[in-house]
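Here it is: the structure, laid out below.
The values are calculated or read from the model by the stated rules, or taken from the named source; none is laboratory data. Keep in mind the model is a prediction, meaning the values are calculated, not measured. FYI the Cβ positions are ideal-geometry reconstructions off the backbone, even for glycines, and counts take in every protein chain you see. Side chains included, ligands, DNA and RNA excluded: accessible areas come from the protein's heavy atoms. Shrake-Rupley method; radii C 1.70, N 1.55, O 1.52, S 1.80 Å.
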Amino acid sequence: MNAPHDPQPATTAFAALLTAEGTALLDAVRDVEPAAELAVATRLRRDHPADLVSAALAQARLRQRAVAKFGAGDATRMFFTPNGVEQSTRTSVATYRAERFKELGVRRIADLCGGIGGDAIALARAGIEVLAVDHDPLTCAVARANAAALGLEDLIEVREADVTEVDTTGYDAVFVDPARRGGRGRIFDPEAYSPPLSWAVAAARQAPRAALKIAPGIPHEAVPEEAEAEWISDGGDVKEAVLWFGTDAPGSHRATLLPSRATLCAGRAVMLPDPAVRPVGRYLYEPDGAVIRAHLVAEVAARVEGGLVDETIAYVTSDVARTTPYASAYEITDQLPFNVKKLKALLREREVGVLTVKKRGSAVEPEELRRKVKPRGPGSATVFLTRVAGAPTMLVGHPAP
């Protein structure tokens, strides 16, 4: 007699991890190194089903990967899918966004495209009741398990449904994080998101408050006029852009830098014109990526009394030292036309062995340049490969005090 067909084998396999036997296996393989997996799996399969051992080892690998986003405290208790680890919001970013929702007075929110629950967890920890919606049965099962593992099941309801069919009436806000990856990798066309950006915008307009997570590279002309567009970086890396609806700054651009939470904001109507190009001064300022994405480089230039080194390059130069959270400052000691031999001679003369290479507007790869100049010595320096007034240039310096 044939065994009954399991319509959701992945969900059934995951459910086995939540049993007492599955939990014990997860504890047993928590710290297994990749090189030891085969030996450990062979030993454990003597007393446990092979499929369950494989699932536990796979989950242990995912938890190890997830530490970078969720921290060890949560990652070792949570459950993941490969896509869930890849696409989840970093905890620091999710926490910041959840606190913005709380400041806007949100108490109940519909988290559409909720995934494995990373954003729902941050929202619940901010004291907000969450309806987390996803269409995938396994993803929903993982999200429920995560809510339970972190003691948040009273604040998080997970619903398996098509997000386009969910009635969000009665919720203070909606949050939409459309899928931006397909079978061929990243999706750059907002209308190819799942669901499309146009649907998400329509859903946002029907709610008292809303936030739509989008790719940082979204064209500015695709941002609705009534939305506040915010670009968020964490530790200097741009992580996401968010379109906010129902805030007190509609039509503005904002750059927010974590972990400091420094925020630079300007309305579209009052954004400063592009700074003038000027000769390289004593200091070079490298704006944070979120500032560049938000088109707020001119605001940074005004703060440091500077201009651009080139009309197409987001490096600001000035003769004055200014402390600003929105840009890294460097003191420039040398300006050279692009010439590897001259740079190598200069670095040898200065006994530079620790060389940081940055580039903007140059086709040369930093590692390639480092191999060619072969830095040696006790000193350190930073080299910027860029253009100055249209000409390929090397700027040498060091971080400003």
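Can you pull out the helices (runs of 4 or more DSSP H) entirely within region 29-116 that have at least 1 residues that are on the phi > 0 side of the Ramachandran plot and β-branched (Val, Ile, Thr)?
Values: elements: 37-44, 50-75, 82-87, 91-103.
Correct list: empty, since no element meets the threshold.
Also, quick follow-up: Just to verify a result, which residue in region 80-122, among those that are of a type in the set (A, V, I, L, M, F, W, C) and over 19 Å from residue 159 (Cα atoms), is nearest to the chain's Cα centre (by Cα)?
So the first thing to find is which residues in region 80-122 are of a type in the set (A, V, I, L, M, F, W, C), and the list is 80, 85, 93-94, 98, 101, 104, 106, 109-110, 112-113, 116, 120-122.
Okay, now just the ones that are also over 19 Å from residue 159 (Cα atoms), so 85, 93-94, 98, 101, 104, 106.
Numbers: 85: 12, 93: 7, 94: 10, 98: 15, 101: 18, 104: 23, 106: 23 Å.
The residue in question is 93.
Now for a separate question. Filter region 306-321 for residues that are of a type in the set (Asp, Glu), part of a loop (DSSP other than H, G, I, E, B) and closer than 12 Å to residue 276 by Cβ and give the result. Steps first, please.
Kept after step one, since they are of a type in the set (Asp, Glu), are these residues of region 306-321: 310-311, 319.
Then drop every residue that is not part of a loop (DSSP other than H, G, I, E, B), which leaves 311, 319.
Correct list: 311 only.
So is residue 125 open to solvent by 20 Å² or more (accessible area, probe 1.4 Å) and either over 22 Å from residue 224 (Cβ atoms) or in contact (Cβ under 8 Å) with a residue 60 or more places away in the chain (or both) or not?
yes
Hey, does region 228-236 have a residue that's under 25 Å from residue 393 (Cα atoms) and of a type in the set (Ser, Thr, Tyr)?
Kept after step one, since they are under 25 Å from residue 393 (Cα atoms), are these residues of region 228-236: 236.
Okay, now just the ones that are also of a type in the set (Ser, Thr, Tyr), so none.
For region 228-236, residues under 25 Å from residue 393 (Cα atoms) and of a type in the set (Ser, Thr, Tyr): absent.
May I ask you to list the residues in region 110-122 that are touching a Gly at 6+ places or on another chain (Cβ under 7 Å) and open to solvent by less than 20 Å² (accessible area, probe 1.4 Å)? Outline the logic, then answer.
Residues of region 110-122 that are touching a Gly at 6+ places or on another chain (Cβ under 7 Å), as a first pass: 115-116, 120.
Passing the criteria: 116, 120.
Also, I was wondering about something else. Quick one: in region 310-334, which of the residues that are of a type in the set (Ser, Thr, Tyr) and free of Cβ contacts under 8 Å to residues at least 60 places away in the same chain is most open to solvent (accessible area, probe 1.4 Å)? Even if it seems obvious, please write down each step before you answer.
Of all residues in region 310-334, those of a type in the set (Ser, Thr, Tyr) come to 312, 315, 317-318, 323-324, 326, 328, 330, 333.
Narrowing further to those that are free of Cβ contacts under 8 Å to residues at least 60 places away in the same chain: 317-318, 323-324.
Numbers: 317: 0, 318: 1, 323: 146, 324: 20 Å².
Per the stated criteria, the residue is 323.
What single numbered condition from (1) farther than 27 Å from residue 157 by Cα; (2) open to solvent by less than 60 Å² (accessible area, probe 1.4 Å); (3) in contact (Cβ under 8 Å) with a residue 40 or more places away in the chain; (4) of a type outside the set (Asp, Glu) fails to hold for residue 52?
(3)
Inspect region 57-69 for any residue being closer than 18 Å to residue 123 by Cα and either of a type in the set (Val, Ile, Thr) or under 15 Å from the mean Cα position of the chain (by Cα) (or both) and give the result as yes or no.
Initially, region 57-69 is screened for residues closer than 18 Å to residue 123 by Cα, giving 69.
Cutting the leftovers down to either of a type in the set (Val, Ile, Thr) or under 15 Å from the mean Cα position of the chain (by Cα) (or both) gives us 69.
Within region 57-69, one or more residues are closer than 18 Å to residue 123 by Cα and either of a type in the set (Val, Ile, Thr) or under 15 Å from the mean Cα position of the chain (by Cα) (or both).
What's the total number of residues in region 300-309 that are open to solvent by 30 Å² or more (accessible area, probe 1.4 Å) and touching a residue at least 24 places away in the same chain (Cβ under 8 Å)? Spell out how you get there, then give the answer.
The initial filter retains those residues of region 300-309 that are open to solvent by 30 Å² or more (accessible area, probe 1.4 Å), namely 302-303, 305.
From the residues that got through so far, the ones that are touching a residue at least 24 places away in the same chain (Cβ under 8 Å) too are 302.
Count: 1.
Here's a follow-up. Suppose we filter 211, 266, 249 for residues that are assigned to a strand (DSSP E or B), more than 24 Å from residue 87 (Cβ to Cβ), among the small types (Gly, Ala, Ser) and open to solvent by less than 30 Å² (accessible area, probe 1.4 Å); which single one remains? Talk me through it step by step, then tell me what you get.
On the way: 211 fails: more than 24 Å from residue 87 (Cβ to Cβ); 249 fails: assigned to a strand (DSSP E or B).
Matching residue, one of 211, 266, 249: 266.
While we're looking at this one, here's another question. As an exercise: evaluate residue 145 against (1) at pLDDT 95 or above; (2) of a type outside the set (Phe, Trp, Tyr); (3) open to solvent by 40 Å² or more (accessible area, probe 1.4 Å) and give the number of the one condition it does not meet.
Failing condition for residue 145: (3).
If residue 298 satisfies every condition in (1) under 19 Å from residue 397 (Cα atoms); (2) modelled with pLDDT of 95 or more but one, which is the exception?
Going through the list (1) under 19 Å from residue 397 (Cα atoms); (2) modelled with pLDDT of 95 or more, residue 298 breaks only (1).
I would also like to ask the following. In region 123-169, which residue that is closer than 20 Å to residue 83 by Cβ and of a type in the set (D, E, K, R) is nearest to the chain's Cα centre (by Cα)?
Checking each candidate, the answer is 134.
I'd like to check something: does region 176-196 contain any residue that is among the charged types (D, E, K, R), open to solvent by 20 Å² or more (accessible area, probe 1.4 Å) and assigned to a helix (DSSP H, G or I)?
Checked against the condition, which is being among the charged types (D, E, K, R), open to solvent by 20 Å² or more (accessible area, probe 1.4 Å) and assigned to a helix (DSSP H, G or I), region 176-196 yields at least one hit.
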